[in-house]
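Undergrad: First the structure, which I've put down as C-alpha cells, then a few questions once you've had a look.
The values are calculated or read from the model by the stated rules, or taken from the named source; none is laboratory data. As the structure is a prediction and not an experimental result, all values here were calculated from the model. All Cβ positions, glycine included, derive from the backbone under ideal geometry; neighbour counts span all protein chains shown.
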C-alpha cells in the first residue's frame, strides 16, 4: 500500500505496468523535462546559451504576436471541435441505428483516410480548394470569379482541420453509442418523452463522456496544428503550432519554441482539468470508476 | 549479533550469476548495440555515403551509377533552407553526414565553426570546367582568407528574382521590387514562405527608399540585406505588414507557385526561376496559354545564391574523403550538370554550353553568370532572434 494505492506483488503486474511506465518516462517525461529546462535558457544566432532566465515567457506574454497566435488557435480549435461533434453525432447515430449488419464495415470506413499520410491529405486538399481545384477550377472554366474565401484563408484552414479530425470524432462517438443501451430511449418514450426530450435527457448525457473524448481528441491537435495553417492558412492564417514549429525550424530560436511548447502543454492540462471540474463523470456514461 | 555475523562470514559465496553481474552484462550489451554502427576497422572501405542536401539535386540515374562504381550506398537527407541544415549540423550532424550542401555565405560560417573540412580541388578534375565567374581564383566565397584553403565546390546558381505574367504586368514595372508591394495587384501577388528572404528582399526595398543602401554602414562594410539596422528592420516590418493584404498566399513549394501562376490567380511572385523555366518549357510545347518572364535582378538590387558541395568535418579518414571528392567530381561532370539543370531548373556553374541548345543557353542564363557578382548573397541574419520577432509580428498583424 503506497499512499492509499494498493500495488500488486504479482511480478506480471510490474511487467505490464513497468514497460509502459519506462516507455512514458523515456519518451514523454524526459523530453518534457528537457523542454522545460530549455525554455529557461536562451538562444543567440543558433547557439543555445545556458543562462537561466524567464525572458522567453516574458516575450510570449508581452510581445503580442504569440498571444494573437494563441487566441487564433483557441478560437479555431473550439470552432473546429464543435463542428466536428455536430457533424459526427448524426453520422455515428445513423450508423448505429440504421447500419444493420454493415455497422462494422461503415465504422471501419472512417479509418480509410488514416491509410494515407497527413501531409498527403493536406496537400490534396490544398489542390482541391486552390485556384485549379474542383470548386474554383469549375467556376473559372465557366468564366466566373474564383471563391477567394476558400483559398489560403482561416476558413480554408477550418475546412482542412474538420476534414482531418472528423473521422476520429465520428469513431469515438460511434464507440460510445455502441456501448449505450438503446432500450433506455424506448423507456423514455414509453414514459412520454418525445424524440428531442429523449435525446436531451437520456442519449446525450449518457454519451457525454464519449463526446468529450471526441471533442478533446480534435481540440488538442487543432491547438497545435502546423501543416494545415501552413498549406491552407495564407498570410494571415498563422496559428500557434505553426509559429511554434517555426522556432525549431528556420529561425532556430529553440528556447522560445520550448517555452511556447510548455505554455501549450499547460493550457491543454488546464482544459482537461476544466472539463473534470464542470462535468460529473458518473452521470456522463463514464464507466471507469467501476460499480462500487 | 556477533555469532550471526560470523555465520555470515562462514557462508560460502554463491557461484551463480549475481544481479550486479547481470546488470553489467546488460549495460555492456546495450553500449555495444548503440556503438555498433560507429565502430568499424580503420582499414575497412566505406560502405555508405550520407548527404545532407537539396532534394532537387538527387538525380537517381547519376547516383545509381556512382553507387555501382564505388560499391557504396548513397543515403541522402533533404532540407528546405540553410538554417535548417545548419541546425542539423550543429546538433551533432557532422557525425551523421559526410557531404553537405549550402549556399551564399553559409559555407564560410560552417568552416569557421568547424562543421566542414578543407577540400582538395586536385582530386576534383571537373573543377576545370567552371564558367570564369566560378573559377577558384574568381570566386572568393569558398576560400578561407587566413589559411588559403578551399572548403567548398560551386554547383548550381541562381537569383531570387521576380517571375511575372507578361500579359498582366508591364515589363517596366516588373524591373522593380515595387511590383511586390503594389496595390495595383492586390490579392494577385504571392511570396515564398521563407522568412529570411522575405525580410531581406523587403530590406533592399526599405534601404533603397531610405537612401541607406549606398551610405556607409555601422560595420564599415557595404550594404548587406541580411545585416539591417534597427531602423531598417522597423521599416521592413511596416512594409511587410502593408504587403500582407496584397498577397494571396506565401507558397510552400514550386508546384503550388506554378499552379497559382498558370491559373492566373496571381500575376507575380519572387522565386528561384525554377517555375519560370518549367513554364517556359511547357509554353514551348504548347501546353500553356500564358507567357511569363523573369527579372533576374530588380533595379533596387537582388538576392543571389550559389549552391555548393561541402565535406563534413566528421569525415576524418582518407578513404572516406576520397569517396566524397569522387562523388562531387561525378556531380559536376558536364553531362551530369545538363541532367541536373533540367531536373532542378537551376543554372549550373559548370560551362555546359557545348552540350546545350541555343534556347537552353538563354533559358539557363549561361551567358549571364557575371550578373551574379552584383547580387547580395544569401546569408545568415544578423540576429535570428530580432528577425524572428519581426516575422512573428508580421504574421500576427
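Undergrad: Do you know which residues across segment B:150-169 are in contact with a helix residue (DSSP H, G or I) (Cβ under 9 Å, 6 or more places away or on another chain), farther than 21 Å from residue B:57 by Cα and outside any strand (DSSP E or B)?
TA: Result: B:166, B:168, B:169.
Undergrad: Criterion first (more than 14 Å from residue A:259 (Cα to Cα) and within 14 Å of another protein chain (Cβ to nearest Cβ)) does residue A:30 satisfy it?
TA: no
Undergrad: Note down all Cβ pairs under 6 Å where the first residue falls in segment B:247-273 and is more than 9 Å from every other protein chain (Cβ to nearest Cβ) and over 19 Å from residue B:304 (Cα atoms), the second is modelled with pLDDT of 90 or more and in a loop (DSSP other than H, G, I, E, B), and they're at least six residues apart or on different chains.
TA: Pairs that qualify, where the first residue is more than 9 Å from every other protein chain (Cβ to nearest Cβ) and over 19 Å from residue B:304 (Cα atoms) and the partner is modelled with pLDDT of 90 or more and in a loop (DSSP other than H, G, I, E, B), are B:267/B:168; B:267/B:169; B:267/B:188.
Undergrad: Now for a separate question. Consider residue A:151 carefully, then state whether it is at pLDDT below 90, crowded, with 23+ Cβ neighbours inside 10 Å and out of contact with any strand residue (DSSP E or B) (no Cβ under 6 Å at 6 or more places or on another chain).
TA: Yes.
Undergrad: A follow-up question, please. Condition first: more than 12 Å from chain B (Cβ to nearest Cβ) and either crowded, with 17+ Cβ neighbours inside 10 Å or in a helix (DSSP H, G or I) (or both). Now tell me which residues in segment A:112-127 satisfy that. Spell out the reasoning first.
TA: Restricting attention to segment A:112-127, the residues satisfying the condition of being more than 12 Å from chain B (Cβ to nearest Cβ) are A:112-118, A:120-121, A:124-125.
A:112, A:113, A:114, A:115, A:118, A:120, A:121, A:124, A:125, listed by residue number.
Undergrad: Take segment B:220-241 and flag every residue that is within 12 Å of another protein chain (Cβ to nearest Cβ) and more than 19 Å from residue B:104 (Cβ to Cβ).
TA: Across segment B:220-241, the qualifying residues are B:237, B:240, B:241.
Undergrad: Hey, can you tell me all the residues within segment A:33-54 that are under 26 Å from the mean Cα position of the chain (by Cα) and within 14 Å of chain B (Cβ to nearest Cβ)?
TA: Answer for segment A:33-54, where residues must be under 26 Å from the mean Cα position of the chain (by Cα) and within 14 Å of chain B (Cβ to nearest Cβ): A:34, A:38.
Undergrad: Also: Right, residue A:46: surrounded by fewer than 13 Cβ atoms within 10 Å (Cβ to Cβ), under 25 Å from residue B:381 (Cβ atoms) and out of contact with any strand residue (DSSP E or B) (no Cβ under 7 Å at 6 or more places or on another chain) or not? Break it down stepwise before answering.
TA: Working: surrounded by fewer than 13 Cβ atoms within 10 Å (Cβ to Cβ): no; under 25 Å from residue B:381 (Cβ atoms): yes; out of contact with any strand residue (DSSP E or B) (no Cβ under 7 Å at 6 or more places or on another chain): yes.
When the stated conditions are applied, residue A:46 does not pass them.
Undergrad: Restricting attention to segment A:55-73, does a residue exist that is within 14 Å of another protein chain (Cβ to nearest Cβ), touching a strand residue (DSSP E or B) at 6+ places or on another chain (Cβ under 8 Å) and either surrounded by 18 or more Cβ atoms within 10 Å (Cβ to Cβ) or closer than 30 Å to residue A:251 by Cα (or both)?
TA: Checked segment A:55-73: at least one residue is within 14 Å of another protein chain (Cβ to nearest Cβ), touching a strand residue (DSSP E or B) at 6+ places or on another chain (Cβ under 8 Å) and either surrounded by 18 or more Cβ atoms within 10 Å (Cβ to Cβ) or closer than 30 Å to residue A:251 by Cα (or both).
Undergrad: Has segment B:202-219 got at least one residue that is within 14 Å of chain A (Cβ to nearest Cβ) and either crowded, with 19+ Cβ neighbours inside 10 Å or not in a loop (DSSP other than H, G, I, E, B) (or both)?
TA: Checked segment B:202-219: at least one residue is within 14 Å of chain A (Cβ to nearest Cβ) and either crowded, with 19+ Cβ neighbours inside 10 Å or not in a loop (DSSP other than H, G, I, E, B) (or both).
Undergrad: Could I ask something else about it? Go through the residues of segment A:168-189 one by one and say whether even a single one is surrounded by 22 or more Cβ atoms within 10 Å (Cβ to Cβ), within 14 Å of another protein chain (Cβ to nearest Cβ) and at pLDDT 85 or above.
TA: No.
Undergrad: Only one of (1) under 26 Å from residue B:55 (Cα atoms); (2) surrounded by 15 or more Cβ atoms within 10 Å (Cβ to Cβ); (3) at pLDDT below 90 fails for residue B:135. Which number is that?
TA: (2)
Undergrad: I would also like to ask the following. Could you tell me which numbered condition residue A:93 fails, if it satisfies all but one of (1) farther than 26 Å from residue A:229 by Cα; (2) within 11 Å of chain B (Cβ to nearest Cβ)?
TA: Unmet condition: (2).
Undergrad: Among residues belonging to segment B:244-259 that are at pLDDT below 90 and crowded, with 17+ Cβ neighbours inside 10 Å, point out the one that is farthest from the chain's Cα centre (by Cα).
TA: Among those residues, the one meeting the criterion is B:259.
Undergrad: So which residues in segment B:372-397 are buried (at least 16 other Cβ atoms within 10 Å of the Cβ), more than 8 Å from chain A (Cβ to nearest Cβ) and not in a loop (DSSP other than H, G, I, E, B), if there are any at all?
TA: Of everything in segment B:372-397, those that are buried (at least 16 other Cβ atoms within 10 Å of the Cβ), more than 8 Å from chain A (Cβ to nearest Cβ) and not in a loop (DSSP other than H, G, I, E, B) turn out to be B:372, B:376, B:377, B:390, B:394.
Undergrad: Still on this model: For segment B:92-121, which positions are within 14 Å of another protein chain (Cβ to nearest Cβ), touching a strand residue (DSSP E or B) at 6+ places or on another chain (Cβ under 9 Å) and either part of a loop (DSSP other than H, G, I, E, B) or at pLDDT below 90 (or both)?
TA: B:93, B:105, B:106, B:109, B:115
Undergrad: Among the residues of segment A:83-111, which ones are in a helix (DSSP H, G or I), under 22 Å from residue A:160 (Cα atoms) and touching a helix residue (DSSP H, G or I) at 6+ places or on another chain (Cβ under 8 Å)?
TA: The answer is A:83, A:84, A:85, A:87, A:88, A:89, A:91, A:92, A:107.
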